[in-house]
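Each remark here refers to the structure printed beneath this line.
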Amino acid sequence: MLEEEDKTFQKTMQILEDIGVESVSGADCANVAYVCNLISTRAAHLTAAAIATLLNRMQRPYVTVGVDGSVYRFHPSFPRLLDEKIDQLIEGDLEYQLMLSEDGSGRGAALVAAVATRMKRERLGGNC
């Protein structure tokens, strides 16, 4: 819907008709596309602000950030918008990589817990 090159807005018209909107004009579709673009950009910027804040607090030279979700996975420009905004917000020469997690949030949470436990053990000398 956001990346319609030909400006005929066929997908947008179909979606609007599917949800019961009648007599859809090209201008209506252009407005919907504009609003969707604004919402997507805002979502990417808010997500980037959270990630950049964590990266700035951690102050590690390189961090891999696991990312999951259908917006990141399927939105045509969300990954690029996210990357660009993180680059603008991180301080210094911190480097990061966004890595798509294919396993879902349940497995991702278990992985985070396992890594956190391992890190705590390492800090406490194995007494955890």
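Scanning region 54-82 for residues that are out of contact with any Phe, Trp or Tyr (no Cβ under 9 Å at 6 or more places or on another chain) and in a helix (DSSP H, G or I) yields Leu54, Asn56, Arg57, Met58, Ser70, Arg73, Phe74, Arg80, Leu81. Consider Ala114 carefully, then state whether it is within 11 Å of the chain's Cα centre (by Cα) and in a helix (DSSP H, G or I). Against the criterion (within 11 Å of the chain's Cα centre (by Cα) and in a helix (DSSP H, G or I)), Ala114 does not qualify.
Taken together, the values in this text are just the output of simple stated rules run on the coordinates, not laboratory data. Since the model is a prediction, treat every value here as computed from it, not as a measurement. Cβ: placed from backbone, ideal geometry, glycine included. Neighbour counts: every protein chain shown.
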